[in-house]
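The next block holds one structure in the form of structure tokens; read it before the comments.
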Amino acid sequence: MDAYSARYRKAVRRARVALRKSAVDYFRGDGSDWIALAGLFLTIPAIMFATIAAPVWCAPEALVLPIVAGGLLLRPASLLGLYAAAAAALIVESAVLGPYTEGAARVTPGTVLVVAACGLFGLLIAQFRARVGVPWRRGGTMLFDLRERIRAQSALPALPKGWHREMALRPAGGQSFSGDFVVASRTHGGRTLEVVLTDVSGKGMDAGSRALLLSGAFGGLLGSLPPHGFLPAANGYLLRQDWEEGFATSIHLVLDLDSGDYELLSAGHLPALQLHAGSGRWEETTGDGPLLGVYDGAEFHPVKGTLRPGDVLMLFTDGLVESADRDIAEGIDRLTGEADRYVSSGFRGAAWHLIEACAKDVNDDRALLLLSRDT
């Protein structure tokens with residue numbers, strides 16, 4: 001008796017482990033969909049009997065519920081089997097309830113059309129998931145992971161005492177993905193800060209995939225090459241992608257954190273803005289160079305400057321200063337006017353507020369990077 005009980009417990013434990021493993025694999029998108037298929041198959045006769053027993057409370061159209069769920073959960077081959085079961089249930093309901101001309105709560109041609117239309121859309125969704133190779137259960141997780149990777153790559157490194165940095169990024173249309181991104185690194189033993197702000201052609205989700213690819217590539221190039229070699233290498237990389245809409249603008253800042261001396265190299269990007277604490281005036285500073293991804297052998301000429309105590313440097317993308325009802329010059333004037341309000345506070349928390357004040361409702365990606373040297 002004890003041996004039989006032990007074998008029984010062992011068999012139950014093995015079955016439980018196998019079921020748990022199948023469920024985990026399924027929800028990860030790695031296993032068979034038989035669990036979901038079996039569950040949905042069982043719901044079809046349950047709905048059918050409920051419709052036959054109380055057609056007023058459980059209408060024949062209720063069969064769209066397992067069909068919609070199957071479009072999200074099942075593979076196309078399994079989904080066809082589920083559709084066959086739903087069609088058989090409709091036939092049984094129609095035979096038991098009688099012709100639709102004899103009263104309400106029966107299977108009508110409209111019922112068949114609604115169920116068939118839901119089945120068609122479910123099959124299209126299942127085929128798309130099968131072609132992409134990403135189950136719906138992992139699709140949202142994958143997008144969330146991609147968004148967090150972009151944010152992690154855009155994180156600015158900590159700076160030594162006496163320096164303040166902050167960045168704000170607002171994608172177009174309130175989306176999670178943006179064609180604007182930042183990569184930054186401290187090089188030469190932490191003495192030099194290198195920052196690259198890039199604006200990929202397009203906006204929002206359309207440019208997000210290319211921005212993710214470029215941010216990873218640019219992050220690998222930054223710090224691995226001499227400062228003057230970064231933009232030529234980035235230009236060559238972009239040309240090799242051979243994208244139909246493959247250009248980008250970029251601005252590369254190389255800042256000596258000991259002296260405050262910096263170099264700016266630009267690839268068709270908007271100028272940076274430097275606030276001189278001594279005069280209280282903003283100055284446009286930019287290098288000379290073409291767009292990235294336009295032609296090979298492009299040259300990028302730097303411009304030099306110095307951030308003295310109290311000075312501020314702003315890097316930004318065109319979505320912040322350009323719109324349909326104003327040109328870039330007007331947008332820059334508005335940006336500097338709003339930025340003057342934060343001089344007394346040392347620009348703490350200013351980046352997000354400047355985007356809100358200057359380009360809150362603009363349907364374009366917006367990015368702003370602030371670097372200030374304390375007095």
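The values are calculated or read from the model by the stated rules, or taken from the named source; none is laboratory data. Every value quoted in this text rests on a predicted model; they were computed, and no experiment measured them. Reconstructed Cβ throughout: ideal geometry from the backbone, glycine too, with neighbour counts over all protein chains shown. Quick note on the areas: whole protein, heavy atoms, side chains included, nothing else; ligands and nucleic acids left out. Shrake-Rupley method; radii C 1.70, N 1.55, O 1.52, S 1.80 Å.
Tabulated results
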quantity: Net +/- balance of residues flanking residue 192 in space, Cβ distance below 12 Å, scoring K and R +1, D and E -1; calculated: -3
quantity: Segment 300-363, accessible area per residue, ligands and nucleic acids excluded (1.4 Å, Å²); calculated: 49 Å²
quantity: Most to least packed among 359-368, 77-86 [average Cβ atoms within 10 Å]; calculated: 359-368, 77-86
quantity: Gyration tensor (alpha-carbon) shape descriptor, segment 280-375, a/c threshold 1.5; calculated: oblate
quantity: Percent RCO, i.e. relative contact order, over segment 50-131, from Cα pairs under 8 Å lying at least 6 residues apart; calculated: 44 percent
quantity: Relative packing of 281-294, 207-220, which averages over residues the other C-beta atoms within 10 Å, highest first; calculated: 207-220, 281-294
quantity: Extended-chain gain in nm, criterion 0.36 nm per residue less alpha-carbon gap, residue 91 and residue 13; calculated: 23.9 nm
quantity: Separation of the residue 124 and residue 353 label points, Cα + 7 Å toward Cβ, nm; calculated: 4.8 nm
quantity: Heavy-atom accessible area per residue - segment 49-120, 1.4 Å, Å²; calculated: 50 Å²
quantity: Filtered GluC sites (Glu not before Pro), segment 294-375: DSSP coil and at most 16 other beta carbons within 10 Å; calculated: 299
quantity: For segment 87-94, 3J(HN,Hα) per residue [Karplus equation, 6.51 cos²θ - 1.76 cosθ + 1.60, θ = phi - 60°, Hz, x = Gly/Pro]; calculated: 5, 5, 5, 4, 5, 4, 4, 5
